[in-house]
1. Somewhere in region 141-157, is a residue within 11 Å of ligand 1 (Cβ to nearest atom), part of a strand (DSSP E or B), modelled with pLDDT of 95 or more and open to solvent by 40 Å² or more (accessible area, probe 1.4 Å)?
2. Which of the residues belonging to region 125-140 are more than 15 Å from ligand 1 (Cβ to nearest atom), under 26 Å from the mean Cα position of the chain (by Cα) and of a type in the set (A, V, I, L, M, F, W, C)?
3. Can you find even one residue in region 39-48 that is within 16 Å of ligand 2 (Cβ to nearest atom) and within 18 Å of L197 (Cβ to Cβ)?
4. Of the residues S185, S121, which is open to solvent by less than 60 Å² (accessible area, probe 1.4 Å), touching an Asp or Glu at 6+ places or on another chain (Cβ under 7 Å) and more than 15 Å from ligand 1 (Cβ to nearest atom)?
5. Which residues, taken from region 28-73, are under 23 Å from I122 (Cα atoms) and polar (S, T, N, Q)?
6. Would you mind finding the one in E230, E172 that is of a type in the set (D, E) and either under 27 Å from I122 (Cβ atoms) or modelled with pLDDT of 95 or more (or both)?
7. Can you tell me how many residues in region 260-277 are free of Cβ contacts under 8 Å to residues at least 24 places away in the same chain and under 11 Å from L232 (Cβ atoms)?
8. Could you list, in sequence order, all residues of region 233-285 that are out of contact with any Lys or Arg (no Cβ under 7 Å at 6 or more places or on another chain), open to solvent by less than 60 Å² (accessible area, probe 1.4 Å), closer than 15 Å to N213 by Cβ and assigned to a loop (DSSP other than H, G, I, E, B)?
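The values are calculated or read from the model by the stated rules, or taken from the named source; none is laboratory data. No experiment lies behind these values; they were computed from the predicted model shown. Note that each Cβ is placed from the backbone with ideal geometry, even for glycine, and that neighbours are counted across all protein chains shown. Just the protein is used for accessible areas: all its heavy atoms, side chains included, with ligands, DNA and RNA removed. Shrake-Rupley method; radii C 1.70, N 1.55, O 1.52, S 1.80 Å.
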Amino acid sequence: MKELKIAIQKSGRLSEHSRRLLEECGIKFSNGAGVLKTTSTNFPVEILFLRDDDIPQYVEQGVADAGLVGENMVEEKGRDIKVVEKLGFARCRLSLAIPREEEFTGPDWFEGRKIATSYPSILSAYLKKNNIKAEIEEISGSVEIAPGIGLADAVCDIVSSGSTLLTNGLKEVITILKSQAVLVSNRNISEKKTRTLEKLLFRIRAVKNAKENKYILLNAPEKSVEKISEILPGMKSPTILPLMEKGWVSLHSVVREDDFWERIDMLKEAGAEGILVIPIEKMIK
Ligand code: PRT
Ligand code: ZN
């Protein structure tokens, strides 16, 4: 097979984002419900739709050459695969939580208790490392109801907003692992497939960079240009175009999404006006 086989989640919290990422990388494929695999019409990849739990194993065994999956799954399954790139979506954490009314005294609280989880491997490693003897009750779903129905004293589960814990009368006390979606690959793929994977990675990075940055245009008096350029380091140096109005210029650059608001305030203070901020579709550094 010459195509690079990429496994993505069939349906669930990763699936829509994974499909969108591939599409944003310019990879066209049919998306019909019930389809288990499909070949792209314009890029040498075959996409396999799987349960997220199976992706690390399939990638290790070479059933798939690469996959998009959560770091939590990679860690739990302990398969010998390569984490190629963090993807910045499906951010969550694996945490220990106890009934709200309990007083938390530190990790020792868990000594001799029973903890329900779908992550027995990560949890037992954590307990061992911290010298805690606790019983692990492995369940595959709806972990948060376990204390409420008397199945366990505490839970170890994925948290994102925290609202599921709250509605089940639990409080988060320890974060064991932080996770986001990652691109993983088999350790022994052919040279040809490696080249395809590198091409895909190049595109993924361009999409990620674009999301992390905005294009900014503003008008400023000529005398403020130097100060404004310092506030906007941009890709290299800002583009400066003269305006009809004498003594004024238009300045174009790139600003990072995460410190965007802070920069805008600094720009206004430095005399910038008519500030436009535009999303970037792709950004190649
Ligand atoms: O059917 P399949 O096995 O493929 O899917 P699944 O049901 O096992 O997994 P799915 O789709 O729920 O999650 C896939 C991946 O998304 C996980 O492995 C994580 O990497 C990531 N992810 C991100 C999450 C969450 N956020 C999340 N909030 N996975 C699960 N949750 C659940 C959590 O288990 C808990 O029940 O959401 C609830 C908590 O959410 P909050 O917002 O109330 O805190
Ligand atoms: Zn799953």
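1. no
2. Listed by number, the list holds a single entry, A125.
3. Yes, the conditions are met somewhere in region 39-48.
4. Result: S185 is the single residue among S185, S121 that is open to solvent by less than 60 Å² (accessible area, probe 1.4 Å), touching an Asp or Glu at 6+ places or on another chain (Cβ under 7 Å) and more than 15 Å from ligand 1 (Cβ to nearest atom).
5. Those that are under 23 Å from I122 (Cα atoms) and polar (S, T, N, Q): Q57, Q61, N72.
6. Checking each option against the conditions leaves just E172.
7. 1
8. If the condition is that a residue be out of contact with any Lys or Arg (no Cβ under 7 Å at 6 or more places or on another chain), open to solvent by less than 60 Å² (accessible area, probe 1.4 Å), closer than 15 Å to N213 by Cβ and assigned to a loop (DSSP other than H, G, I, E, B), then G234, P238, M283 are the ones that fit.
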